[in-house]
Protein chains: 2
Amino acid sequence: MNGKSPHVSFMRQAIQLSRESLRTNAGGPFGAVIVKNGDVIAHGSNCVTSTNDPTAHAEIIAIRAACQALGTFHLQGCAIYASCEPCPMCLAAIYWARIEKIYYANTRRDASHIGFDDGVFYEELTKPRSQRTLPMEQVLRDEALSVFQEWQNKEDRVPY
Amino acid sequence: MNGKSPHVSFMRQAIQLSRESLRTNAGGPFGAVIVKNGDVIAHGSNCVTSTNDPTAHAEIIAIRAACQALGTFHLQGCAIYASCEPCPMCLAAIYWARIEKIYYANTRRDASHIGFDDGVFYEELTKPRSQRTLPMEQVLRDEALSVFQEWQNKEDRVPY
């Protein structure tokens, strides 16, 4: 890859964020930037342990910041550059945000090798509920379903 | 199930939160509470559309609030009651938070029936990268890997 490629520049910013997160003890070594029309509109770095927030992954922080910057809850037309392949939480968040392309550097396997559970969680999510290590039990579906029906009948609902 | 079961009481709180989220136009019809030692320690309801935050699902909000309440980044010993089966983003967040049991009411299929993409995203996450609708491209792994190696050599790293 050409050193002057914009992809290289954006990914180097994400990698630099991952390095800073590590060196400042903010959290794990992960960074991300979100790009729209050739500009970085938001960035994030992992701060799980310093902020007591298990959801404070680089991609989640960057998505939230990008949406605040744009005043929208969708990020159509955006790409994300993540210093590591997104974990399933972040990958699903990227889908919810309607980001259109993911660039990544390290893989989930690289993350597993340094002690992070990304790979384990991908395996868990692909299993049927009954085969997962984390038990799930259904209660009160009928009562909850009535709220879903109310949503369906709501004329001014805002889908996302 | 006995109407006096604590599970019923906790799930009714989650369902009531889902109803409020819908009726106040905060977001989609989803609510969640987190319970530790028989007490509700945090709650959340969907506010994606009202706060321009695609990650503001009930479970994510509840997890963040529970961790703030406890001053930790793990929720061992906790259960979550969600008015709908968690989407893959929230399910992975529950794993990261080390929550030990999930109670849910509506299913991902119920959510799909009223227009939410939970089921679609579960399918996407189980596919190999190359077969997903959202394209992914790897760049600069070597540079990113050097940060992972620095993490592995860091004596005061805080794993999570």
Scan of region A:51-81 for residues that are touching a helix residue (DSSP H, G or I) at 6+ places or on another chain (Cβ under 9 Å), open to solvent by 10 Å² or more (accessible area, probe 1.4 Å) and small (Gly, Ala, Ser), ordered by number: A:Ala79
Selected residue (only one of A:Ala58, A:Ala79 is touching a Phe, Trp or Tyr at 6+ places or on another chain (Cβ under 6 Å), more than 8 Å from every other protein chain (Cβ to nearest Cβ) and touching a residue at least 40 places away in the same chain (Cβ under 8 Å)): A:Ala58
Residue ID - farthest from B:Arg157 (Cα to Cα), chosen from residues in region A:118-139 that are part of a loop (DSSP other than H, G, I, E, B) and either of a type in the set (A, V, I, L, M) or more than 7 Å from chain B (Cβ to nearest Cβ) (or both): A:Val139
Odd one out for A:Met89 among (1) over 23 Å from B:Ala66 (Cβ atoms); (2) touching a helix residue (DSSP H, G or I) at 6+ places or on another chain (Cβ under 6 Å): (1)
Filter result (in a helix (DSSP H, G or I), within 11 Å of the chain's Cα centre (by Cα), closer than 19 Å to B:Ile15 by Cβ and not β-branched (Val, Ile, Thr)) within region B:44-72: B:Ala58, B:Glu59, B:Ala62
A:Ser21 being more than 8 Å from every other protein chain (Cβ to nearest Cβ), under 27 Å from B:Gln68 (Cβ atoms) and in contact with a strand residue (DSSP E or B) (Cβ under 9 Å, 6 or more places away or on another chain): yes
Tally, over region B:94-120, of residues that are touching a Ser or Thr at 6+ places or on another chain (Cβ under 6 Å) and modelled with pLDDT of 95 or more: 1
Number of the exception - B:Ile41 against (1) within 23 Å of A:Ala97 (Cβ to Cβ); (2) under 18 Å from the mean Cα position of the chain (by Cα): (1)
Flag for B:Arg12 being out of contact with any Pro (no Cβ under 9 Å at 6 or more places or on another chain) and without any contact (Cβ under 8 Å) to a residue 24 or more places away in the chain: yes
Of the criteria (1) open to solvent by 10 Å² or more (accessible area, probe 1.4 Å); (2) under 21 Å from the mean Cα position of the chain (by Cα), which one B:Pro128 fails: (2)
Filter result (under 18 Å from B:Gly115 (Cβ atoms) and surrounded by fewer than 24 Cβ atoms within 10 Å (Cβ to Cβ)) within region B:28-47: B:Cys47
Residue list for region A:82-116, filter: crowded, with 16+ Cβ neighbours inside 10 Å, facing another protein chain (nearest Cβ under 7 Å) and part of a loop (DSSP other than H, G, I, E, B): A:Cys87, A:Ala97, A:Ile114
Residue count, region B:1-27 (criterion: among the small types (Gly, Ala, Ser) and open to solvent by 10 Å² or more (accessible area, probe 1.4 Å)): 4
Residue within region B:27-38 that is touching a Ser or Thr at 6+ places or on another chain (Cβ under 9 Å), under 23 Å from A:Ile63 (Cβ atoms) and part of a helix (DSSP H, G or I) present: no
Check on B:Ala26, aliphatic (A, V, I, L, M) and within 14 Å of A:Thr55 (Cβ to Cβ): no
Scan of region A:63-76 for residues that are within 7 Å of chain B (Cβ to nearest Cβ) and among the aliphatic types (A, V, I, L, M), ordered by number: A:Ile63
Qualifying residue in region A:133-145 (condition: closer than 19 Å to A:Ala58 by Cβ and within 24 Å of the chain's Cα centre (by Cα)): no
Top-ranked residue in region B:140-160 [being on the phi < 0 side of the Ramachandran plot and not in a helix (DSSP H, G or I); ranked as farthest from the other protein chains (Cβ to nearest Cβ)]: B:Glu155
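The values are calculated or read from the model by the stated rules, or taken from the named source; none is laboratory data. Owing to the predicted nature of the structure, the values given are computational and were not obtained by experimental measurement. Backbone-built Cβ (ideal geometry, glycine too); neighbour counts: all protein chains shown. The protein model used for the area step is the full one, side chains on, heavy atoms only, and it has no ligands, DNA or RNA in it. Shrake-Rupley method; radii C 1.70, N 1.55, O 1.52, S 1.80 Å.
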